[in-house]
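Report on the following structure.
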Amino acid sequence: NAGVTQTPKFQVLKTGQSMTLQCAQDMNHNSMYWYRQDPGMGLRLIYYSASEGTTDKGEVPNGYNVSRLNKREFSLRLESAAPSQTSVYFCASSLAGGPNEQFFGPGTRLTVL
Amino acid sequence: AQRVTQPEKLLSVFKGAPVELKCNYSYSGSPELFWYVQYSRQRLQLLLRHISRESIKGFTADLNKGETSFHLKKPFAQEEDSAMYYCALANDYKLSFGAGTTVTVRA
């Protein structure tokens, strides 16, 4: 099992460009999450999907959109990238929400110039 | 509102010395707390959770509801414990993470 996979691993964008970060899990998990990791701020939740067909905003949703394509896949889209979105993005999944262990992907390092 | 505070950004200890990572939380309900760890070039992974009350890699953490704390402790640090540690609080479908503490264990 690959667990949680993310593509791409690295990306450089210019301000205003758009892109989609892909995430997939093969653990038959119901819940999926997108976080950003910034120095001194820890991991902050951008969006989450408690189950297939539902998505909800997290702590820092502005500038992002998400799609829960099916049970396996959860994508994060930046419509018009800004330098403030330079960060490391992590996707995670869990069997269900709440106190269940979350399993993380390897991360995508995004730089917006 | 729920909040997780890790007051130390950096922690440096010598091999064999005790190490304690502080975590304080604010939450109106009954908290579910976790410690996650990220070793160099590895994925973030669960270290331990308070409801399991187990020791993982020599680490323990006790929930103190009176002090609203969930500090992580290890009596004898090892070089392989060098990593970033995050305290996290579960709420509904979400985890709220602290800012993290980078631990360096020196030989």
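Any read-out appearing in this document is the output of simple, stated calculations on the displayed coordinates, not a laboratory observation. For clarity, every value in this text was computed on a predicted model and none was experimentally measured. Here Cβ is always computed from backbone atoms with ideal geometry, including for glycine, and neighbour counts include all displayed protein chains.
Structural remarks
- Here the average projected area of the convex hull drawn through the C-alpha atoms of chain A stands at 6.4 nm².
- Look at the dipole of segment A:67-112 built from charges on Cβ: of A:Phe104, A:Cys91, A:Ser67, the Cα furthest out on the positive end belongs to A:Ser67.
- Evaluated with a Cβ-only charge set (Lys, Arg +1; Asp, Glu -1), the protein assembly as shown carries a dipole of roughly 360 debye about its Cα centre, given to the nearest 20.
- Spatial separation of Cα centroids for segment B:34-107 and segment A:60-113, in angstrom: 22
- Ranking A:Trp34, A:Gln17, A:Ala2 by Cα position along the charge dipole of chain A, where only Lys, Arg, Asp and Glu carry charges on their C-beta atoms, puts A:Gln17 farthest toward the positive end.
- Only Lys, Arg, Asp and Glu carry charge here, each on its Cβ (+1 for the first two, -1 for the last two); on that basis chain B has a dipole of about 160 debye about its Cα centre.
- Charge tally for A:Asn28 (other residues, Cβ to Cβ under 15 Å; Lys, Arg +1; Asp, Glu -1): -1.
- Spin-label model, A:Asn70 to A:Ala82: label points 7 Å out along the Cα-to-beta-carbon direction sit 3.5 nm apart.
- Shielding by other protein chains, B:30-43, mean Cβ within 10 Å: 2
- Quotient of Cα Rg and 2.2 N^0.38 Å for segment A:66-109, N being how many residues it contains: 1.35
- For segment B:36-84, the Kirkwood estimate of hydrodynamic radius, built from reciprocal distances between every pair of different alpha carbons, is 11.9 Å.
- Environment charge of A:Asn100, counting only residues whose C-beta is closer than 12 Å and scoring Lys/Arg +1, Asp/Glu -1: -1
- Descending semi-axes in Å of segment B:1-94, equivalent ellipsoid built from Cα gyration tensor: 23, 14, 12
- Highest mean first, the peptides B:66-72, A:41-47 sorted by other C-beta atoms within 10 Å per residue fall in the order A:41-47, B:66-72.
- Nitroxide proxy distance, nm - points 7 Å out along Cα→Cβ at A:Met19 and B:Ala107: 3.8
- For the protein assembly as shown, the fraction of C-alpha pairs farther apart than 24 angstrom is 43 percent.
- Other residues lying with their Cβ under 13 Å from the Cβ of B:Phe97 contribute a combined charge of +2, Lys and Arg counting +1, Asp and Glu -1.
- For chain A, the Cβ-based charge dipole about the Cα centre amounts to some 260 debye (Lys, Arg positive; Asp, Glu negative; other atoms uncharged).
- Selection from B:Ser55, B:Ala99, B:Ala88 lying farthest towards where the dipole of chain B points positive, charges on Cβ: B:Ala99
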